[in-house]
Amino acid sequence: MLATLQPPRTLSRFPLYLTSRPVTLCTLTAQSPPSTSPPTQPPHSQILSIRHSLLTRQVTAAQLAESHLSRLRLTEPQLKSFLHVSDSDAVLRQAALLDQRIANGEEVGPLAGVVVGVKDNICTADMPSTGGSRVLEGYRPAYDATAVRKIKELGGIVVGKTNLDEFGMGSTTEASAFQVTANPWDVSRVPGGSSGGSAAAVSARQCVVSLGSDTGGSVRQPASFCGVVGLKPTYGRVSRYGLMAYASSLDVIGCFGSSVADTGILLHAISGHDRLDATSSKREVPDFASQFASINLLESKPLKGLRVGVIRETLDEGVDTGVISAIHGAASHLEELGCSVTEISLPSFSLGLPAYYILASSESSSNLSRYDGVRYGNQAVADELNSLYGDSRAKGFGPEVKMRILMGTYGLSAGYYDAYYKRAQQVRTIIQKSFKTALDENDILISPAAPSAAYKIGEKIDDPLAMYAGDIMTVNVNLAGLPALVLPCGFVEGGTAGLPVGLQMIGAAFDEEKLLKVGHIFEQTLQNCRFVPPLIEDDTAW
């Protein structure tokens, strides 16, 4: 039906597209360590630095927690990253307990003292979990999601619940029932979605790392817009227990950090089999931290022999020329690091977007049927049962959620199932085979994370099709169940300091280790690009 690949073309050097929008191409080097001056020093690991500082008594967990709470209080009125912030006294009590354990010589976990944000569709027992929806306003779960429980057991301190598009349905965080989150790089622009609050919180250093969820790009696109690292793991790598279901065959819990190392450490902390989630994998979780070598230990060609495929369809018409230039610059740098870079074609790539929206909407229409005001969700006052159901859902759900429920119900209805849902599943199989063939011939695939940088708040709110089209770079990865890493690779014009552009790296199933290794080396050899938003650039504590 569809050929999976066209013959690759070796690209010795990628051309830089001329564009009317100025582009900042970072200085990239694989052979010399970066300057020690702050503007060019590449990110490493806040988590490892925090651990070292705590164990050597240079700083206390209480001081670190207070520092993040202070920055959060300072920046939150502009950003609105959080729907709920933990009580300051409770956060400082947790930090003080960690300090006491360290003073007593007790062992503390690898996330000790690390301040973590959690997307509000991930359940937490000690604070509200609304999914960004009025239907769950005020809801407090009786349990922690498995990922949250693991973070707490390893010493992490949850500072609050981050904003999102309602039930994860959106690409801008404008579909939240409570507030609109702003981008730290330009507060007039969106942070992406649906995990926009989690991305903005890490970008503004309101927390060290954060959890998001990714159904069709909801970790990776906000990471690109906010200039942070975002990781969507393989389906099954992380337990979904406690994640509010949107599309169960696509949903995964993902990670945000200001560096690849922090993101990998967080992923290791939350990964592994969970008897409470039948879809979680029993595969052994590798030590991701072993891939994070210092730049001073790198060879001149540290990625020699690595085969990288650039997906041709992701650099076609409809993608901003500034984004294309940034991706070409990143591909050239991978060549300088020793990679063999070729252009590949995935003819089925364009089929992913319509297939995704049929499948995701169909699954959401089933999953969200539970919110009827009787079994789950806030209940409307009504005299008759059908009115109670109808009013509870009409008042509880926002317009985007209602639209997707209607689309999904239509696609699953008698007479239309074969034409829509069944065909979408067949396309999904084609996409999975296409990626497998490509990854048999390449170690990783690369593409932009989004067709553009962050756009203005309200710019696409009245044009849902344009907003959906922005997911074209990411949805295929969810349909195939593969891992993908997004990290900043350059800037395009916009705001007061430019707008970040994200590079997406796609790997084979359960090969997050390779993605983290390549991403870490790429990041460590990136110079003259400081991915700290202007909102906090004067804050020397970042």
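The values are calculated or read from the model by the stated rules, or taken from the named source; none is laboratory data. Here the structure is a predicted model, which means the values were calculated and not measured. Quick reminder, even Gly has a Cβ in these numbers, built from the backbone with ideal geometry, and neighbours come from all protein chains shown. To get the accessible areas, we keep the full protein, side chains included, count just its heavy atoms, and leave off ligands, DNA and RNA. Shrake-Rupley method; radii C 1.70, N 1.55, O 1.52, S 1.80 Å.
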Subject >> Flag for Asp418 being within 29 Å of Ser129 (Cα to Cα), more than 27 Å from the chain's Cα centre (by Cα) and among the acidic types (Asp, Glu) >> reply: no
When you look at Ala484, is it touching a residue at least 12 places away in the same chain (Cβ under 8 Å), open to solvent by less than 20 Å² (accessible area, probe 1.4 Å) and over 21 Å from Ser345 (Cα atoms), yes or no? no
Scanning segment 504-528 residue by residue, those closer than 16 Å to Ile327 by Cβ and out of contact with any Pro (no Cβ under 7 Å at 6 or more places or on another chain) turn out to be Met505, Ile506, Val518, Gly519, Phe522
Flagged in segment 287-331 as in a helix (DSSP H, G or I), modelled with pLDDT under 95 and more than 22 Å from the chain's Cα centre (by Cα), in numbering order, are Ser290, Ile295, Asn296, Leu297
Within segment 259-293, restricting to residues that are touching a Lys or Arg at 6+ places or on another chain (Cβ under 7 Å) and within 27 Å of Ser45 (Cα to Cα), the one that is surrounded by the fewest Cβ atoms within 10 Å (Cβ to Cβ) is His273
Checked pairs for segment 58-79, first without any contact (Cβ under 8 Å) to a residue 40 or more places away in the chain, second hydroxyl-bearing (Ser, Thr, Tyr) and open to solvent by 10 Å² or more (accessible area, probe 1.4 Å), C-beta under 8 Å and 6 or more apart or across chains, list as Val59/Ser53
Contact list, first residue from segment 454-475 and of a type in the set (Asp, Glu), second anywhere and surrounded by fewer than 21 Cβ atoms within 10 Å (Cβ to Cβ), beta-carbon distance below 8 Å, six or more apart or interchain, is Asp471/Leu353
Over segment 60-90, the set of residues under 24 Å from Ile270 (Cβ atoms), in contact with a Gly (Cβ under 9 Å, 6 or more places away or on another chain) and in a helix (DSSP H, G or I) is Ala61, Leu64, Ala65, Leu72
Flagged in segment 400-422 as among the charged types (D, E, K, R) and in contact (Cβ under 8 Å) with a residue 12 or more places away in the chain, in numbering order, are Glu400, Arg404
Residues of segment 352-387 being open to solvent by 60 Å² or more (accessible area, probe 1.4 Å) and either within 17 Å of Gly481 (Cα to Cα) or not in a loop (DSSP other than H, G, I, E, B) (or both), in sequence order, are Pro354, Ser366, Arg370, Leu385, Asn386
Residue pairs within 8 Å by beta carbon, gap of at least six or interchain, first lying in segment 80-96 and open to solvent by 60 Å² or more (accessible area, probe 1.4 Å), second polar (S, T, N, Q) and part of a loop (DSSP other than H, G, I, E, B), listed first then second, are Lys80/Asn163; Lys80/Gln179; Lys80/Thr181
Among the residues of segment 243-258, the number that are open to solvent by 10 Å² or more (accessible area, probe 1.4 Å), over 19 Å from Phe292 (Cβ atoms) and part of a loop (DSSP other than H, G, I, E, B) is 4
